[in-house]
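The values are calculated or read from the model by the stated rules, or taken from the named source; none is laboratory data. These numbers come from a predicted model, not from an experiment. In this analysis, Cβ positions are derived from the backbone assuming ideal geometry, glycine residues included, and neighbour counts consider all displayed protein chains.
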Amino acid sequence: MAIDIDTAPLANTIRMIVENTLRSWDLTDYAAGTVISASPLRVRLHERLILEAKDLVLTTNVMDQQVEVESLCANPQCSNPIPGKIMNGLAVGDKLILIKASRGQNFVVIGKVAG
């Protein structure tokens, strides 16, 4: 003999508990910030929140990089790679896009805002 039980209220309660738990964890979100000091690195998110270097994870998009560029010269004597530098480092006033991680304890700097 089958017992007819309405499981919808239980399923809704479980769904609400899971949603509230995930929301309280504050897993990830994006943020915009402005560099207020390059050395030591400090980024202002809003009036009351300034991030220090220890709070930030930098990607190569916002770091200077040493590179070697292949020469397009037809002369065999200039076919060696040419050293160069890509200047992507952060400067005061740069506007940044960040991703909040670890419940807002750390921020990953994704890149600079163009313009």
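Taking segment 17-69 and the strands (runs of 3 or more DSSP E) fully enclosed by it, the elements with 2 or more residues that are small (Gly, Ala, Ser) are at 29-38. Leu96 fulfils the conditions (1) assigned to a loop (DSSP other than H, G, I, E, B); (2) touching a residue at least 12 places away in the same chain (Cβ under 8 Å) except for a single criterion, (1). Only residues that are surrounded by 11 or more Cβ atoms within 10 Å (Cβ to Cβ), assigned to a loop (DSSP other than H, G, I, E, B) and over 18 Å from the mean Cα position of the chain (by Cα) were counted in segment 76-91, giving 2. Mind counting the residues in segment 20-65 that are of a type in the set (S, T, N, Q), modelled with pLDDT under 90 and farther than 14 Å from Ile110 by Cβ? Total meeting the criteria: 4. Within segment 51-75, being over 15 Å from the mean Cα position of the chain (by Cα), under 24 Å from Pro40 (Cα atoms) and not polar (S, T, N, Q) holds for one residue alone: Asp64.
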